[in-house]
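Novice: Structure provided below as structure tokens; questions to follow.
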Amino acid sequence: MKAIRFAKTGGPEVLVPEDVALPPPGPGEVQVKNTVIGVNFIDTYQRSGLYPVTLPSGLGSEGAGLVAALGDGVTGFRTGDRVGYCTAPLGAYAEMHNVPADKLVKLPDGIADDVAAAALLKGMTAQYLLRRTYKVEQGQTVLIHSAAGGVGTIACQWAKHLGATVIGTVGAEDKIALARQCGCAHVLLLDKDDWVKRVRELTGGKGVPVVYDSVGKDTFERSLDCLAMRGMMVSFGNSSGAVAPFAPGILAQKGSLYLTRPTLFHYTATRAELQQAADDLFEVILSGAVKVSVNQRFALADARRAHEALHSRKTTGATVLTP
């Protein structure tokens, strides 16, 4: 089968299409014939070495497709079932992938394969951020960075659906309209606006109870300045680079703030948590409250181009690969 591999860490150029022999699924595994593969920022962190992996390696943990074969001991799935996954072992950038059965979810009839591959990781990330890390309530005002990105477009819609007023930030003027379409009442430009001042103005000087920050290094300190007393800083990504070490006393100086650095894997650690997160996501998509936009599509062999597009910060919504 065709798969994308990398033997050394680095830029998108290290991604190479290869012919790979895939063994039959092992005990507890399901072999999935991928129809659509999700592309996420965490993939770039693993490829670059920010998140170390054992090399040589495949890449990608998200996809959707059909059950092709079952390993010993697998129950609850049949050949031909439509399934999706987003916390599988690396190797989703391939025509087929062996996935532990406890990392798979069945796809409802109303959820297309490309929507599942585009939304499972990003959408379940939005689910744990908004419903569990900090539970957003009606009437609150929240700040969501990268409002036109993959997670941002889903999280902003979902937060508005929950009754929150959403302040979103974007990196370019041509993303403002999309952020507004996705539920942002206010959209601020990271590189042009004094967005800390604007957040304070929009909240009557109080600040917001929570900031969802996937940008990292470039926004971290100023995001703290947007928080109300005892507010929560949710740092869940590093698109601009990793946050530098800092003295914890800063959190006290800025209002006894809370800081968390969560990851989806810890919020879907059990089969029950995974299924609940997926069910919540499917519900808001099927209700029409959240619409998933697949705005960039690349062939599997063009994974390098997909990563270059992500790094350009010109992508919006979701990016997928097709075998």
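Novice: Taking 0.36 nm per residue of sequence separation and subtracting the Cα-Cα distance, how much length would be gained by fully extending the chain between Ser57 and Ala172, in nm to one decimal?
Specialist: 38.0 nm
Novice: Calculate, for Ser48 and Glu137, the FRET efficiency according to 1/(1 + (r/R0)^6) with r their C-beta to C-beta distance and R0 51 Å; round to the nearest 0.05.
Specialist: 0.85
Novice: How about the chain: what cysteines have no other cysteine beta carbon under 4.7 Å from their own?
Specialist: If one checks each Cβ against the other cysteines of the chain, Cys86, Cys184, Cys226 turn up with nothing under 4.7 Å.
Novice: In percent, how large is the relative contact order of the range 138-261, given Cα pairs closer than 8 Å and 6 or more residues apart?
Specialist: Contact order relative to length: 20 percent.
Novice: Further, regarding this structure: For a Förster distance of 45 Å, can you work out the FRET efficiency between the beta-carbons of Ser312 and Arg78, rounded to the nearest 0.05?
Specialist: Rounded to the nearest 0.05, the efficiency is 0.60.
Novice: Need one number: convex hull volume per residue for the chain, Cα atoms only, in Å³.
Specialist: 123
Novice: Cβ neighbours within 10 Å, averaged per peptide: list 147-154, 114-121, 3-10, 17-24 in order, most packed at the top.
Specialist: Highest mean packing first, the order is 147-154, 114-121, 3-10, 17-24.
Novice: Please name which of Leu162, Val20, Met229 has its Cα lying farthest along the dipole of the chain towards the positive end, using unit charges on Cβ (Lys, Arg +1; Asp, Glu -1) and the Cα centre as origin.
Specialist: Working it through, the farthest residue towards the positive pole turns out to be Met229.
Novice: Follow-up question, since we're still on this one. Debye sum, Cα scatterers, the range 138-261, no solvent: what log₁₀ I/I(0) at q = 0.14, 0.15, 0.20, 0.23 1/Å?
Specialist: -0.53, -0.61, -1.11, -1.46
Novice: To the nearest 20 debye, what is the magnitude of the charge dipole of the range 138-261 about its Cα centre, counting +1 on the Cβ of each Lys and Arg and -1 on the Cβ of each Asp and Glu?
Specialist: 320
Novice: When every alpha-carbon pair in the range 1-100 is counted, what percent end up more than 18 Å apart?
Specialist: Roughly 45 percent, once rounded to a whole number.
Novice: Defining a contact as two alpha carbons under 8 Å apart and six or more residues distant in sequence, what relative contact order in percent does the chain show?
Specialist: 18
Novice: Would you mind checking which residues have amide H under 5 Å from Ala69's amide H? H placed 1.01 Å from N; only 5 or more apart, or other chain.
Specialist: Gln31
Novice: Follow-up. Taking Cα centroids, how far is the range 268-300 from the range 163-220 in Å?
Specialist: Cα centres, the range 268-300 to the range 163-220: 24 Å.
Novice: Also, I was wondering about something else. Check which residues have an amide H placed less than 5 Å from Gly91's amide H, if you skip close sequence neighbours.
Specialist: Leu59, Gly60
Novice: Could you give the angle, 0 to 90 degrees to the nearest 10, between helix 113-128's Cα long axis and the longest principal axis of the Cα atoms of the chain?
Specialist: With both axes taken from Cα atoms, the answer is about 40 degrees.
Novice: Follow-up. Roughly speaking, what is the stretch gain from Asp191 to Phe246, that is 0.36 nm per residue apart minus the C-alpha to C-alpha distance, in nm to one decimal?
Specialist: Contour length minus Cα-Cα distance gives 17.5 nm.
Novice: Additional query: Measure nothing but the geometry: give the 0 to 90° angle between the long axis through the Cα atoms of 271-286 and the longest principal axis through the Cα atoms of the chain, rounded to 10°.
Specialist: For 271-286 against the chain, the angle is about 70 degrees.
Novice: Then there's this: Given the options Ala299, Pro209, Ile4, identify the residue whose Cα lies farthest towards the positive end of the charge dipole of the chain (+1 on Cβ of Lys, Arg; -1 on Cβ of Asp, Glu).
Specialist: Positive-end residue among those listed: Pro209.
Novice: Which Cα, out of Val115, Gly58, Ala318, lies furthest along the positive dipole direction of the chain (beta carbon charges, K/R +1, D/E -1)?
Specialist: Ala318
Novice: Work out the FRET efficiency for Ala7 and Lys206 from their Cβ-Cβ distance, taking R0 = 56 Å, and round it to the nearest 0.05.
Specialist: 0.60
Novice: Now for a different question. I'd like the Karplus ³J(HN,Hα) series for the range 77-86: coefficients 6.51, -1.76, 1.60, θ = phi - 60°, whole numbers in Hz, and an x wherever there's a Gly or Pro.
Specialist: Each residue's phi maps through the Karplus curve to give 10, 10, 4, x, 4, 7, 9, x, 7, 8 Hz.
Novice: Just want the ordering: Tyr45, Tyr51, Tyr85, from fewest to most Cβ atoms lying within 10 Å of their own Cβ.
Specialist: Placing the least packed residue first, the sequence is Tyr51, Tyr45, Tyr85.
We did not get these values from a lab; they are worked out from the coordinates using the rules stated. Remember, predicted model here, so these are calculated numbers, not experimental data. All Cβ positions, glycine included, derive from the backbone under ideal geometry; neighbour counts span all protein chains shown.
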